[in-house]
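Student: Attaching a single structure in structure tokens format; questions to follow.
The values are calculated or read from the model by the stated rules, or taken from the named source; none is laboratory data. Everything numeric in this text was worked out from a predicted model, so none of it was measured. So basically every Cβ, Gly included, is an ideal-geometry build from the backbone, and we count neighbours across all protein chains shown.
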Amino acid sequence: MSELEAVIGLEIHTQLKTRTKMFCGCELSFGEPPNTRTCPVCLGLPGALPVANARAIHFALMIGLALGCEVAPRSIFHRKNYFYPDLPKGYQISQYDEPICSGGELAGVRLHRVHLEEDAAKLIHVGESGRIHGSQRSVVDFNRGGTPLVEIVTEPELRSPGHAREWLTLLRATLRSLGVSDVNMEEGSLRADANVSLRPVGTSVLGTKTELKNMNSFRFIERGIAAEIERQRQIIESGGAVEQETLHFDPSSGRLSSLRSKEEAEDYRYFPEPDLIPIATTDEMVSAARADIGELPLDRAKRFEADLGLNADGARNLAFRGELGDYFERVLGSTGAEHAVAVANWIGQLVARIGDADPADTNVTPQAFGALVMLVGSRAVSGAAAREVLDVLVAEGGDPQAIIDARGLGSLSRKDGDLATIVARAIAADPSASERVRAGNDKAIGALVGAVMRETRGRADGAEVTRLIHEQLAT
Amino acid sequence: MMDLVELTAAQAAAAIGRGDLAARELFDFYRDRAAADELNAFTWVAQESPEAGDGPLGGVPLAVKDLFCTAGVPSQSGSRILEGYRPPYTATVVERLARAGAPLLAKTNQDEFAMGSSTENSGFGPTLNPWDRTRVPGGSSGGSAAAVAAGLAPWAIGTDTGGSIRQPAALCGIVGLKPTYGAVSRYGMIAFASSLDQAGPLTRDVSDAALLLMQMVGARDPRDATSLDYPGSVSLPARTDLHGIRLGVPTELSSDGIEPGVLGAFAASLELARQLGASVETCQLPHAAHALAAYYVLAPAEASSNLARFDGVRYGLRAQDATDLLDMYTRTRHDGFGAEVKRRIMLGTYALSSGYYEAYYGRAQRVRTLIARDFAATFEHFDFVVTPTAPGVAFELGAKTADPYAMYLNDICTVPASLAGIPAISIPNGMAAPPGGGKSLPVGLQLIGPAFSEDRLLSAAFALEQALGFDGRAARR
Amino acid sequence: MIDRDTVLHVARLARLELSEEEVARLTIELGAVLEHIETISRLDLEGVPPTSHVIDVTGALRADEPEPCLPRERALESAPEVLDDGFAVPSPQA
Ligand SMILES: [Mg+2]
Ligand SMILES: [Zn+2]
């Protein structure tokens, strides 16, 4: 059997950070008590009518333009009809065959479309109700219902779970840089579904695809897609046929379960929303959207490479996590751009300690961080000692120099008579290594340097130690 | 002493303005009449008279079709699924009229969700025609039409999707106007077919219609994206001749399937129009014959979606002891909707369903384009198109309930203007005997004009009305 | 022509329970109405654009400015079943 490759497409929903909902004047909800952010429109009361939010359209245009899409001069809303308790009107107002933006490309992955729609409400399962004996109840909170959403659909051009994750990271950074969404997967302001199919390598036919719904972290997306690829591979290799269905990935068990299969596939009966008029996108609207687009992550990465001398990976690591890029640039504000490479390397150390958190939300101020990198640069503190200082900064904050002084972490140098003594002790303790160094074997010096470092708990400057060893052995 | 019931709304407003009549006295007079209604024209009548406000409408109370949302007052669109529903807000047009001095007197009966031409489809029982209580008042705004004709309300508003103001106005011997689509806000009107629904006045005469319409149009409603700033204005009509007016008579809408009595009255009125100075010639609306078919795709399709919100979750009826969610939905909707509503939901759902959209909905939308073009071409040579409003006089209760399509044929003359979104008015056009003989019943004459021609339309209708001299007193006894 | 299975399928899409009698009657009635509607299938509509908005309006948008919401009691006052300050329904998962 020929080798199989995965064909992956993503469908991303992002909640827009407007003040009010897509089609009514209710303010967006951030944890308010249930059903306190509603009105006749977003409750779907009889007679209420939607009116589209101009800023949501502005944000959708910004997203479309940032992704290189073509903007439709005229686009229309459709009704997507289906029944569900979180959908008050029995239809979702969405866009169908005339979306506001189409085409486009981000980092080599082409986009199919970008369109506007409204979010569903929140359905909370409350289990058995005390009042209705023996019945499982769910409760609808319409606070979220009607929040503006932009849906971004890629062509099926992602090649692997890792690629999907990496690309989504870039997309999130791009949306974040536009300031149009909180793009927080855990809170649901960024949601991704994946379409997965397999095909023999080298062919262009598309196999039967399945849809993975609502995975709420980058890690789960990668794992969910990987699990689905594996599931499909086993089916195909055992001679079976993949069935078109919608799946849910359970990250705790790693298992995929079917949400609904093809037989009960919905018939959404799309038709043009008669309560809304077409969106006529004027040149002024496009220019206004374009003017609000700042530097995009891909451009930022290029600038970090070209202007600041970072390598490609380092530049992307900072630019594709916008909050890291922002922190990086704030640190450079205190150190000067000439320290960019060192700062970038040390941000790697910081990330190793704070994980996915935004450094701006940690105890490490950009000033303190910059000061630490400068102290390393001037050899006032060794690398190992600086890592210890960073641990303290992350844990409690503070000023690096003060931490160094309080904990005696400053570099031992020639001025400190101690260092010469410690070097002498190390030479005396390891005559064989000393002899080999004398004989011209430079590699042997490692053992002596290591001994000094152990003795000084990393506070000694490596270059200085090397110089002292050579000096003492030469006499 | 004034005979209050014989005052038109405009006359009553004038009397209040002069200080000859107290607004509260008029309100109480009509409240008592409405409360004693024997026609089942109302679904709710005000208990108390409102504080007298002033405004151009003088305090003359208004009857409002059930489907307009009125805060704290039952707004059920004639449906059991909304029985007793009291919305938390008021429709824009009702609010506007109240502010202009037409306070809410009563809510009027209607076909359920405005689907019907006889008001027999109401979940709250049929309304009777005041001219003959064995007959229907037309529909769907039958309660409004019957109330105004019977003098149970000075004037009323209704809604027209395919003829629901004009046809009951014709069958009850009053004036009914469907404005240009977008001229009046739809916010707070419980929707039947969103792209066609339009609110308008049902009044005793053309002057009252103009007076009410003036306050219904104006600045666009920011809550209704399909509403428009009304270009121009509406004035009280005064014209008494039709010199220079070119009337077009479409053969497609003035021959087949129309009762001889209606055709006779129509021909007589065309002759009268000539005497008033109008030119009357045949015009062509080649696609009008397909209007009914297109309408009975588009309206049910939109309705099937508009009525999806009646699911037993947030308001209205919910079937008891549902075993699961699906059971709750399907039984709630089974119990709450009447036969005609189910029929249209089924028809509309089918027309939009996978594989049929292009054959039905898509084609109907294209037919709609052709009909709008037919009218546009006609208005290059004619000021107005004239037709009978309805193909017959009021029919007997139950006569057409067994055959849905026979009922749909009532809309044959009114639906084309609805699809084109243009204004049309029905005025009383004398009386004619029903086909089987018997006492004469009102007939309507329809004038259709281009978009936003309401002012001219009302003027021409006024001239004809004055010449026709219809006497509606018999229905107010 | 419309058959019984189609009626049942459409009724399910529309979330309408129908009695046996209703299914039988609707099969006949819808068939009859559709027969009349079929006349539009004979029209030549080549090149005719569809009309979804009869009066051409564009640009009626809403500024992104908050308006007062309904007090929760009002939002819930017509609900058939209220639980935990929300609208209660039989669980979809149940
Ligand atoms: Mg979507
Ligand atoms: Zn709202």
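Student: Tell me, please, whether a residue that is surrounded by 20 or more Cβ atoms within 10 Å (Cβ to Cβ), within 16 Å of ligand 2 (Cβ to nearest atom) and under 26 Å from the mean Cα position of the chain (by Cα) can be found in region A:121-134.
Tutor: yes
Student: Related question: Please name all residue pairs, on different chains or six or more residues apart, with Cβ atoms under 8 Å, provided the first residue is in region A:317-341 and is farther than 23 Å from residue A:176 by Cβ and the second residue is β-branched (Val, Ile, Thr).
Tutor: A:335/A:343; A:335/A:373; A:339/A:373
Student: Could I ask something else about it? So the check is Cβ under 7 Å with 6+ separation or different chains; which pairs have a first residue in region A:25-41 that's near ligand 2 (Cβ under 7 Å from one of its atoms) and at pLDDT 95 or above and a second one that's in a loop (DSSP other than H, G, I, E, B) and of a type in the set (Lys, Arg)?
Tutor: So the pair list comes out as A:26/A:37.
Student: In addition: In region A:176-204, what residues are away from ligand 1 (no atom under 16 Å from the Cβ), within 25 Å of residue A:65 (Cβ to Cβ) and in contact (Cβ under 8 Å) with a residue 40 or more places away in the chain?
Tutor: Quick first cut of region A:176-204, residues away from ligand 1 (no atom under 16 Å from the Cβ) only: A:176-180, A:182-187, A:196-204.
Within this subset, residues satisfying the condition of being within 25 Å of residue A:65 (Cβ to Cβ) are A:176-180, A:182-185.
Within region A:176-204, A:176, A:177, A:178, A:179, A:180, A:182, A:183 meet the criteria.
Student: So, of the residues in region A:13-24 that are in a strand (DSSP E or B) and among the polar types (S, T, N, Q), which turns out to be farthest from ligand 2 (Cβ to nearest atom)? Break it down into steps so the answer makes sense when it comes.
Tutor: Kept after step one, since they are in a strand (DSSP E or B), are these residues of region A:13-24: A:13-15, A:20.
So of that shortlist, the ones also among the polar types (S, T, N, Q) come out as A:14-15, A:20.
Values: A:14: 20, A:15: 15, A:20: 8 Å.
So, considering only residues that are in a strand (DSSP E or B) and among the polar types (S, T, N, Q), the one farthest from ligand 2 (Cβ to nearest atom) is A:14.
Student: Taking the conditions exactly as written (touching an Asp or Glu at 6+ places or on another chain (Cβ under 6 Å) and not aromatic (Phe, Trp, Tyr)), does residue B:140 satisfy them or not? Please lay out each step first, then the result.
Tutor: On the way: touching an Asp or Glu at 6+ places or on another chain (Cβ under 6 Å): yes; not aromatic (Phe, Trp, Tyr): yes.
It is true that residue B:140 is touching an Asp or Glu at 6+ places or on another chain (Cβ under 6 Å) and not aromatic (Phe, Trp, Tyr).
Student: Identify the single condition in (1) buried (at least 21 other Cβ atoms within 10 Å of the Cβ); (2) within 14 Å of chain C (Cβ to nearest Cβ) that residue B:373 does not satisfy, given that it satisfies every other one.
Tutor: The number of the failed condition is (1).
Student: Could you list, in sequence order, all residues of region B:33-52 that are closer than 11 Å to residue B:63 by Cα and outside any loop (DSSP other than H, G, I, E, B)? Spell out how you get there, then give the answer.
Tutor: First, pick out the residues of region B:33-52 that are closer than 11 Å to residue B:63 by Cα: B:34, B:41-46.
Once the filter is applied, which keeps residues that are closer than 11 Å to residue B:63 by Cα and outside any loop (DSSP other than H, G, I, E, B), region B:33-52 yields B:34, B:42, B:43, B:44, B:45.
Student: Would you pick out the residues in region B:338-370 that are more than 7 Å from chain C (Cβ to nearest Cβ), hydrophobic (A, V, I, L, M, F, W, C) and under 17 Å from residue B:407 (Cβ atoms)?
Tutor: Selection gives B:339, B:341.
Student: Could you check how many residues of region B:51-101 are buried (at least 18 other Cβ atoms within 10 Å of the Cβ), over 22 Å from the mean Cα position of the chain (by Cα) and within 12 Å of chain A (Cβ to nearest Cβ)?
Tutor: Count: 5.
Student: Which condition breaks for residue A:425 when tested against (1) surrounded by 15 or more Cβ atoms within 10 Å (Cβ to Cβ); (2) part of a helix (DSSP H, G or I)?
Tutor: That leaves (1) as the condition not met.
Student: So, in region B:129-148, how many residues would count as being part of a loop (DSSP other than H, G, I, E, B), surrounded by 24 or more Cβ atoms within 10 Å (Cβ to Cβ) and of a type outside the set (Gly, Ala, Ser)? First the steps, then the outcome.
Tutor: Here is the first cut: in region B:129-148, the ones part of a loop (DSSP other than H, G, I, E, B) are B:130-131, B:133-134, B:136-141.
Imposing the further condition that a residue be surrounded by 24 or more Cβ atoms within 10 Å (Cβ to Cβ) reduces the set to B:130, B:136-141.
Narrowing the set further to residues that are of a type outside the set (Gly, Ala, Ser) leaves B:130, B:136-137.
Total meeting the criteria: 3.
Student: Additional query: Determine which member of the set A:137, A:55, A:144 is in the same structural domain as residue A:268 (by TED's automatic domain parsing) and within 16 Å of ligand 1 (Cβ to nearest atom).
Tutor: Values: A:137 fails: within 16 Å of ligand 1 (Cβ to nearest atom); A:55 fails: within 16 Å of ligand 1 (Cβ to nearest atom).
Checking each option against the conditions leaves just A:144.
Student: Also: Just wondering, is there one or more residues in region A:214-223 that are in contact with a strand residue (DSSP E or B) (Cβ under 6 Å, 6 or more places away or on another chain) and either among the acidic types (Asp, Glu) or surrounded by fewer than 18 Cβ atoms within 10 Å (Cβ to Cβ) (or both)?
Tutor: Checked region A:214-223: at least one residue is in contact with a strand residue (DSSP E or B) (Cβ under 6 Å, 6 or more places away or on another chain) and either among the acidic types (Asp, Glu) or surrounded by fewer than 18 Cβ atoms within 10 Å (Cβ to Cβ) (or both).
Student: Inspect region A:201-222 for any residue being within 16 Å of ligand 2 (Cβ to nearest atom), within 28 Å of residue C:91 (Cα to Cα) and among the aromatic types (Phe, Trp, Tyr) and give the result as yes or no.
Tutor: Step one: filter region A:201-222 for residues within 16 Å of ligand 2 (Cβ to nearest atom), giving none.
Checked region A:201-222: no residue is within 16 Å of ligand 2 (Cβ to nearest atom), within 28 Å of residue C:91 (Cα to Cα) and among the aromatic types (Phe, Trp, Tyr).
Student: Also, I was wondering about something else. Name the residues in region C:46-90 that are at the interface with chain A (Cβ under 7 Å from one of its Cβ atoms), in a loop (DSSP other than H, G, I, E, B), out of contact with any Ser or Thr (no Cβ under 8 Å at 6 or more places or on another chain) and not small (Gly, Ala, Ser), would you?
Tutor: C:58, C:61, C:84, C:85
Student: Next up: Give region A:291-314 a look and list any residue that's closer than 28 Å to residue A:24 by Cβ and either loosely packed, with under 14 Cβ neighbours inside 10 Å or at pLDDT below 95 (or both), or say none.
Tutor: The initial filter retains those residues of region A:291-314 that are closer than 28 Å to residue A:24 by Cβ, namely A:291-293.
Hit for region A:291-314 is A:291, nothing else.
Student: Conditions: (1) within 14 Å of chain A (Cβ to nearest Cβ); (2) in a helix (DSSP H, G or I); (3) surrounded by fewer than 24 Cβ atoms within 10 Å (Cβ to Cβ). Residue B:229 meets all but one. Number of the miss?
Tutor: So the condition that residue B:229 fails would be (2).
Student: Suppose we filter B:402, B:451, B:394, B:406 for residues that are part of a loop (DSSP other than H, G, I, E, B) and without any contact (Cβ under 8 Å) to a residue 24 or more places away in the chain; which single one remains? Steps first, please.
Tutor: Details: B:451 fails: without any contact (Cβ under 8 Å) to a residue 24 or more places away in the chain; B:394 fails: without any contact (Cβ under 8 Å) to a residue 24 or more places away in the chain; B:406 fails: part of a loop (DSSP other than H, G, I, E, B).
Being part of a loop (DSSP other than H, G, I, E, B) and without any contact (Cβ under 8 Å) to a residue 24 or more places away in the chain holds for just one of B:402, B:451, B:394, B:406, which is B:402.
Student: Right, something else. From the list A:96, A:82, exactly one residue is touching a strand residue (DSSP E or B) at 6+ places or on another chain (Cβ under 6 Å), away from ligand 2 (no atom under 15 Å from the Cβ), among the hydroxyl-bearing types (Ser, Thr, Tyr) and on the phi < 0 side of the Ramachandran plot. Which is it?
Tutor: A:96
Student: In region B:235-290, how many residues are part of a loop (DSSP other than H, G, I, E, B), farther than 23 Å from residue B:463 by Cα and without any contact (Cβ under 8 Å) to a residue 40 or more places away in the chain? Before the answer, list the steps.
Tutor: Initial filter on region B:235-290 (part of a loop (DSSP other than H, G, I, E, B)): B:235-245, B:254-259, B:276-278, B:284-287.
Still in the list and also farther than 23 Å from residue B:463 by Cα: B:255-259, B:284-287.
So of that shortlist, the ones also without any contact (Cβ under 8 Å) to a residue 40 or more places away in the chain come out as B:255-256.
Of the residues in region B:235-290, 2 are part of a loop (DSSP other than H, G, I, E, B), farther than 23 Å from residue B:463 by Cα and without any contact (Cβ under 8 Å) to a residue 40 or more places away in the chain.
Student: From (1) free of Cβ contacts under 8 Å to residues at least 40 places away in the same chain; (2) in a loop (DSSP other than H, G, I, E, B), pick out the condition that doesn't hold for residue B:29.
Tutor: Failing condition for residue B:29: (2).
Student: Name the pairs: first residue in region B:428-447 and more than 11 Å from residue B:174 (Cα to Cα), second residue aromatic (Phe, Trp, Tyr) and modelled with pLDDT of 95 or more, Cβ to Cβ under 6 Å, at least 6 apart or on different chains?
Tutor: Short answer, once both residue conditions are applied: B:441/B:131; B:447/B:384.
Student: Do we find that residue A:80 is within 14 Å of chain B (Cβ to nearest Cβ), under 26 Å from residue B:73 (Cα atoms) and either within 16 Å of ligand 1 (Cβ to nearest atom) or basic (Lys, Arg) (or both) in this structure?
Tutor: Numbers: within 14 Å of chain B (Cβ to nearest Cβ): yes; under 26 Å from residue B:73 (Cα atoms): no; either within 16 Å of ligand 1 (Cβ to nearest atom) or basic (Lys, Arg) (or both): yes.
For residue A:80, the condition - within 14 Å of chain B (Cβ to nearest Cβ), under 26 Å from residue B:73 (Cα atoms) and either within 16 Å of ligand 1 (Cβ to nearest atom) or basic (Lys, Arg) (or both) - is not met.
Student: If you don't mind, another one. Given the criteria more than 16 Å from ligand 1 (Cβ to nearest atom) and either away from chain B (no Cβ under 12 Å) or touching a Lys or Arg at 6+ places or on another chain (Cβ under 7 Å) (or both), does residue A:121 qualify? Reasoning before the result, please.
Tutor: Numbers: more than 16 Å from ligand 1 (Cβ to nearest atom): no; either away from chain B (no Cβ under 12 Å) or touching a Lys or Arg at 6+ places or on another chain (Cβ under 7 Å) (or both): yes.
Considered against the rule, which asks whether it is more than 16 Å from ligand 1 (Cβ to nearest atom) and either away from chain B (no Cβ under 12 Å) or touching a Lys or Arg at 6+ places or on another chain (Cβ under 7 Å) (or both), residue A:121 comes out as no.
Student: Can you tell me which residue is farthest from the other protein chains (Cβ to nearest Cβ) among those in region A:8-35 that are within 16 Å of ligand 1 (Cβ to nearest atom) and among the aliphatic types (A, V, I, L, M)?
Tutor: A:10
Student: Among the residues in region A:180-202, are any within 17 Å of residue A:149 (Cα to Cα), part of a helix (DSSP H, G or I) and assigned by TED's automatic domain parsing to the domain that holds residue A:230?
Tutor: Of the residues in region A:180-202, the ones within 17 Å of residue A:149 (Cα to Cα) are A:180-193.
Within this subset, residues satisfying the condition of being part of a helix (DSSP H, G or I) are none.
No, every residue in region A:180-202 fails to be within 17 Å of residue A:149 (Cα to Cα), part of a helix (DSSP H, G or I) and assigned by TED's automatic domain parsing to the domain that holds residue A:230.
Student: On to the next question. Here are A:61, A:67: which of them is more than 15 Å from ligand 1 (Cβ to nearest atom), in contact (Cβ under 8 Å) with a residue 60 or more places away in the chain and surrounded by 24 or more Cβ atoms within 10 Å (Cβ to Cβ)? First the steps, then the outcome.
Tutor: Working: A:67 fails: surrounded by 24 or more Cβ atoms within 10 Å (Cβ to Cβ).
Just one listed residue meets the conditions, A:61.
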